[in-house]
Amino acid sequence: MRVPFEWLKEFIDIKDNADEVAHRLTMIGLEVEAVEHVDGDVVFEVNVTPNRPDCLNIIGIARELAAMYRTPLKFPEHDILAETGELDFNVDILDTELCHRYAGRIIRNIKICPSPDWLKNRLEKCNIRSINNIVDVTNYVLLELGHPLHAFDLSTIKGHLIRVGTPNTVKGQGATAKIKTLDGVEREVSEESLLIWDAERPIAIAGVMGGLETEVADSTVDIFIESAYFEPVSVRRTSKALGLKTESSYRFERGTDIKMLKKALDRTAYLMKEVAGGIVCGKIDIYTRRYMPEEISVRYEKVNEILGLRLTREEISRCLDGLGFEMEESADSLKIKPPAYRRDIKRESDLIEEVARIYGYDRIPAELPKATIGIDVQNSRLKTQGIKNNIKQALLRSGFTEVINYSFMGLHDIDALGIEAGDERRNLIQIKNPLKAEESFMRTTLIPSMIKNLLHNLSHGNRELKLFEIARVFISQKPEVRSRKSEEKTQTAFSLEPSAISLPAEREHLAAIYYKEKTKTLYRDDAHDFYIVKGLVEAILNDLKIYDYSFVRSPETFLHPGQSADIFIMDTKIGYMGALSPAIANSLDIKAHKPSVIVLEIDIDSIIPHGMQQVKYRPLPKYPYIERDTAIIVDSAIEASMLMKLLKSYPSDLIEDISIFDVYQGKNIPEGRKSIAFNVRYRASDRTLKDDEIDVLHNSLVNYILDKTKGQLRQ
Amino acid sequence: MIEDLKKTFLDELESVKSLADLSNLKVKYLGRKGIITAELKSLSSIPPDERPLHGKKINDIKQFIEEKLDSRESQLKKEELGRQLLSDSLDITLSGKFTTFGREHPINKILSEITDIFVRMGFSVEEGPEVELDYYNFEALNIPKDHPARDMQDTFYISDDIVLRTHTSPVQVRVMEKRKPPVRFIAPGKVYRCDADITHTPMFHQIEGLMVDKGITFSNLKGVLEAFLHRMFGADTPVRFRPSFFPFTEPSAEVDIGCILCNGAGCRVCKGSGWLEILGAGMVNPRVFENVGYDPEEYSGFAFGMGIERIAMLKYSIDDIRLFFENDIRFLRQF
Ligand SMILES: [Zn+2]
């Protein structure tokens, strides 16, 4: 809202300069966002909050200043001294719920011409274009008093009749209405929208925009001016449905001053007579629903209780005094009736805010609360937050940089990964009004974002990328598929609402991407990228005191079938990792760089129940250990996990630890076979072991393994 | 004669340059056919009464030679080890095999910083869904359908009843529904509005805070937020509270800090005002208490909310919000 300082000063005597006034306005809740100097005047750009439509005009802002400075407010000249003739005209309000008051005047013999300079200038300062003297006056009064007015060419109104009603009421249930509005657009208005009609047809959309056919034109001689109160919600719905926002609808939907309406009408007529001549005729004023303010009590004690002040009764009533309230004092409270322009005042708390506002927020002391000390011991989130933080720190320390992507994706992202129908990741949450097609779904996997981050950075010449993101994925829930069991499982995620409306499951995911070009470097590091990322996953799980995990070949279609794994904790799949399938890598055009791209995605929520279990101390061993190394040659299909499982299945209390330290295929090993070397550490808890005893035990272990694997000793 | 022997030995010891030389010298004096050994053997040819004196002299000199040889030996060994280590030496000016640590995203960095401050003041940390019921995002917060206040936020809709939360305030309602007062928590998280330009992204981050107890006042709201802002931006930072409007608080306040870029003199970022809007706050509207079943006669409280991107942009002088979500490591590695 633009407020020229000179205009403001017509209604109130201000001694302060413009900058000071701007500051004072800001401090009573009318934030001055900018102060502009125009033609020797100062224009304030005031940000009026939606609860204060009464301040969407000059007089409203002057009224606030008057209350604060405790000076009188002058009202602009509006008395119509000479009214001529009776009105040969009828107004009929058909929907009294939607139109509480409708007033109008006829002015005859006006002369349409350009507005005088003073009028033009004021409108221009408020960024409103001058059109002609009649339209300009309605706009002027809109800015000055905040009341939208509309002028019709009287000769175009048929049957000397104005009707106010919805198509439902005027034409019958379910009917709509067609009207060409001032902007030249033919519009279809729904059955429940309020319109203004003459004897035959709609001539304006109430509170939104007038019709083209009844518009004031250069040839217009007689006009009818409308000043009415339309119900805010109704105007808002109509304006939204039509996608049509005007200065008028903006004010009506926030609420106009039903009592000011008549003064606004007279002020308009007064100004029109001045700038367009003519004869002002009598007026019509149908006021069906009177403004009946409800009495609100504000307790002195409550004011102080909420604000943390010790104001006296006098101080409190003095704050409210200038705001136009009807007030009645009692021993413990003030009884208040708000004026018609303050429909935002409905409860005691609204009045407490008024006291604080006028008293001044800056005068209320800042004081830390005397709070109850307590800690929420039940809070399961503490564990979740702890685990999340551990994972994040581990990644940061391992050289991974954190990214944050939008929670959106496009359908093609899921298609590109080849995720099949029936996969949970296709239970999509769709946004009805996305900004872009590629942002029209909520992510069900973080991988597409990670790939985008990789491509963006590759295009800027980065040769090594380690990125991760921790964010939620959103899986649509069909209530009927959701079993009680799955509800228990997703305890940490947000579960179903009791109502029929179901929110998606929101699950916390970790995703990472690893990419390193094989460039010439000072130091060798020949581990396959797969093992680097796998090592990280193992380290993270171990850090959370989770040891019962396994890696199993992954069926994910977008991963390299030979270089990917699903990750399990016991029987729960928590995620997957591996090289992007060459088909996808090629389609992304990163083939030029050749090395593999390793991705990782883990559902953190499914780790939570396993993580951070209470640690129990184990005594340190008292007796020394004995180690034995052995290499065996087995079929190359036998993988490490299988061999470890066999070794661990050998029944002996003396085996403390087993590890595989070499896997070799090639020279000196037959086709289709490979050599695996492992180390076994033996220890007894109650004595020192003897070498010959372990020789026997180890031999027996090796024979057991050779038997199970059909392998042979490597010499 | 024996004195000569000592002198000769010392001369010879002087010329020893290696452990091998030393070993030869040792043999020459102490070996089975060595000079000292021979001297000891010749004792038998000396008159018996002179033997003890002479014998002692020889033994003294033997001990002397042994000590000298030992000390020379350890000295030589030390020198040899030194030479050997020198030949193993590395070019210590080559750069190390360094694993660069990763960097936390600047938004999360600010988020943790703010969270820490409130946790120290006894606030716990809560979360809520990002895909939220219209009820929690609006209705329960006293923002009915068809209310102009909905225009303050451009909402992404999933259905008529489900939205992407436009602020973290719904967490207030969810927590209060579940818990009896006193409550004191913050709720950081992602929020969404359908808006995109140099200062708006469709997704951004907020932190919500709520404190409800008996006897909580607007004065307490000022106390807590001032303490927070002084900790976050420096103890000298001016803070001002001015009236504003949020449907779920009353009285409502906008909280400004003195512009950290121009120290209040007025600049482009603060639009010449010298102040930066940093958070919104207010006393919880009794209607919200009624919606969650708290008695507004018994309890009062305050709520506040702030945008993280804005704070990060001010703190790091970033002028385009979209940089946060491009995830260019040349940007991310600066924090
Ligand atoms: Zn500044």
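The values are calculated or read from the model by the stated rules, or taken from the named source; none is laboratory data. Quick caveat: nothing in here was measured; it's all calculated off a predicted structure. For neighbour counting, all protein chains shown are included, and Cβ atoms are generated from backbone atoms with ideal geometry for every residue, glycine included. These accessible areas exclude ligands, DNA and RNA; they are computed on the full protein's heavy atoms, side chains included. Shrake-Rupley method; radii C 1.70, N 1.55, O 1.52, S 1.80 Å.
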What the Cα atoms of region A:626-713 span along the principal axes, largest first and in whole Å, is 45, 22, 20
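Ranked highest first by average number of other Cβ atoms within 10 Å, how do B:207-217, B:139-149 line up? Let's see the in-between values first.
Numbers: B:207-217: 21.5, B:139-149: 17.6.
Order by mean packing, descending: B:207-217, B:139-149.
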For region A:314-464, just the Cα set please: Rg and Dmax, both in angstrom. 28.5, 78
Quick check on region A:90-287: take the gyration tensor over C-alpha atoms, sort the square-rooted eigenvalues as a ≥ b ≥ c, and tell me if it's rounded (a/c under 1.5), prolate or oblate. prolate
Violating pairs (Cα-Cα greater than 19 angstrom) within the set B:LYS190/B:LYS222; A:LYS388/B:LYS190; B:LYS6/B:LYS56; A:LYS302/B:LYS214; A:LYS74/A:LYS263: B:LYS190/B:LYS222
What does the accessible area per residue of region B:106-332 come to in Å², with a 1.4 Å probe and no ligands, DNA or RNA counted? 33
So what are the ³J(HN,Hα) numbers for region A:42-51, from phi and the Karplus equation (6.51, -1.76, 1.60; θ = phi - 60°), rounded to whole Hz, Gly and Pro as x? 10, 10, 8, 9, 9, 8, 9, 5, x, 7
Helix A:691-709 axis, angle to chain A major axis (alpha carbon atoms, nearest 10°): 70
Note the direction-averaged projected area, equal to a quarter of the hull surface, for the Cα convex hull of region A:296-363, in nm². 4.1
What do you get for the angle between helix B:19-30 and the principal long axis of chain B? Use alpha-carbon atoms, 0 to 90 degrees, nearest ten. 40
Using a Förster distance of 45 angstrom, determine the FRET efficiency expected from the C-beta separation of A:THR557 and B:LYS97, and round it to 0.05. 0.75
Label region B:2-86 by shape, choosing from rounded, prolate and oblate, from the square roots a ≥ b ≥ c of the eigenvalues of the Cα gyration tensor; if a/c is under 1.5 it is rounded, and otherwise prolate applies when a/b is larger than b/c, oblate when it is not. prolate
Which residues qualify? For A:ASN90, with a placed amide H closer than 5 Å and at least 5 residues away or on another chain, they are A:LEU161, A:ILE162
Taking only protein heavy atoms and a 1.4 Å probe, the highest-to-lowest accessible-area order of A:LEU145, A:LEU382 is A:LEU382, A:LEU145
Where in region A:509-548 are there chymotrypsin sites (Phe, Trp or Tyr not before Pro) that are in a DSSP coil and have at most 15 other Cβ atoms within 10 angstrom of their Cβ? A:TYR523, A:TYR547
Counting only other chains, what is the mean number of Cβ atoms within 10 angstrom of the Cβ of each residue in peptide B:210-219? 5
Potential lengthening between A:LYS9 and A:TRP118 on full extension [0.36 nm per residue; Cα-Cα distance subtracted]: 37.7 nm
Checking every Cys Cβ in chain B against the others at 4.7 Å leaves as unpaired B:CYS194
Pop out the ³J(HN,Hα) list for region B:270-275 in order, Karplus 6.51 cos²θ - 1.76 cosθ + 1.60 with θ = phi - 60°, rounded to Hz; leave Gly and Pro as x. 8, 6, x, 7, x, 10
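Sorting check: for B:311-323, A:207-219, B:81-93, B:8-20, which peptide has the highest mean count of neighbouring beta carbons within 10 Å, and how do the rest follow?
The most tightly packed comes first, giving A:207-219, B:311-323, B:8-20, B:81-93.
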For peptide B:155-162, compute the average count of partner chain beta-carbon atoms within 10 Å of each residue's beta-carbon. 5
On the formula 1/(1 + (r/R0)^6), with r taken between the Cβ atoms of A:ASP548 and A:ILE669 and R0 of 41 Å, the FRET efficiency rounded to 0.05 is 0.80
What's the average, rounded to a whole number, of partner chain beta-carbon atoms within 10 Å of each residue's beta-carbon in A:253-260? 1
What accessible area per residue, rounded to a whole number of Å², is obtained for chain A using a probe radius of 1.4 Å? 48
List the accessible area buried at the contact between A and B, summed over both sides and calculated with a 1.4 Å probe, in Å² to the nearest 100. 7700
Taking H placed 1.01 Å from N in the peptide plane, check which residues at least 5 places from A:GLY146 or on another chain put their amide H under 5 Å from its amide H. A:ILE58
To the nearest 0.05, what FRET efficiency results for B:ASP151 and A:ASN127 with a Förster distance of 22 Å applied to their C-beta separation? 0.65
Spherically averaged projected area of region A:258-342 from its Cα convex hull (nm²): 8.2
Ratio of Rg to Rh for the protein assembly as shown, alpha carbon only, Kirkwood? 1.19
Honestly region A:588-665 on the Cα gyration tensor test (a ≥ b ≥ c root eigenvalues; a/c under 1.5 rounded, otherwise a/b vs b/c for prolate or oblate) is just oblate
Apportionment of accessible area to carbon and sulfur, the protein assembly as shown, percent (1.4 Å): 50
Karplus-derived 3J(HN,Hα), 6.51/-1.76/1.60, for each residue of region A:440-450, Hz, glycine and proline x: 9, 10, 7, 4, 10, 8, 8, 4, x, 5, 5
Could I get the Rg over Rh figure for region A:138-178? Both from C-alpha atoms, Rh via Kirkwood, rounded to two places. 1.13
In Å, the Kirkwood hydrodynamic radius from C-alpha pairs for region A:2-69 sits at 11.8
Cα centroid distance between region A:395-468 and region B:105-133, in Å? 24
So, in nm, how far is label A:LYS573 from label B:LEU53 when the simple model puts each one 7 Å beyond its Cα toward the Cβ? 10.4
For chain A, longest principal axis from Cα atoms; helix A:232-242 axis from its Cα atoms; angle between them, nearest 10 degrees, is 70
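Could you report region B:2-86's accessible area per residue, 1.4 Å probe, as an integer in Å²?
Spelled out: the 1.4 Å probe surface of region B:2-86, per residue, equals 71 Å².
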How about A:LYS674: which lysines have a C-alpha closer than 21 Å to its C-alpha, ignoring those fewer than 8 places off in the same chain? A:LYS645, A:LYS648, A:LYS708, A:LYS710
Once both labels are modelled 7 Å past Cα along the beta-carbon direction, what's the A:LYS432-A:TYR531 spacing in nm? 5.5
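Out of every Cα-Cα pair in region A:379-607, what percent are more than 23 Å apart?
Pairs farther apart than 23 Å: 50 percent.
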I'd like the GluC sites (Glu not before Pro) in region A:146-207 restricted to DSSP loop residues with at most 14 other Cβ atoms within 10 Å, sorted by number. A:GLU200
Stretch A:SER652-A:GLU315 to full length: gain in nm at 0.36 nm per residue minus the Cα-Cα span? 112.5 nm
What does the net charge come to around A:PHE75 if you take all other residues with beta carbon closer than 12 Å to its beta carbon, with K and R at +1 and D and E at -1? -1
Counting only residues 5 or more places away or on other chains, whose amide H sits under 5 Å from the amide H of B:ALA253 once H atoms are built in the peptide plane? B:SER244, B:ALA281, B:GLY282
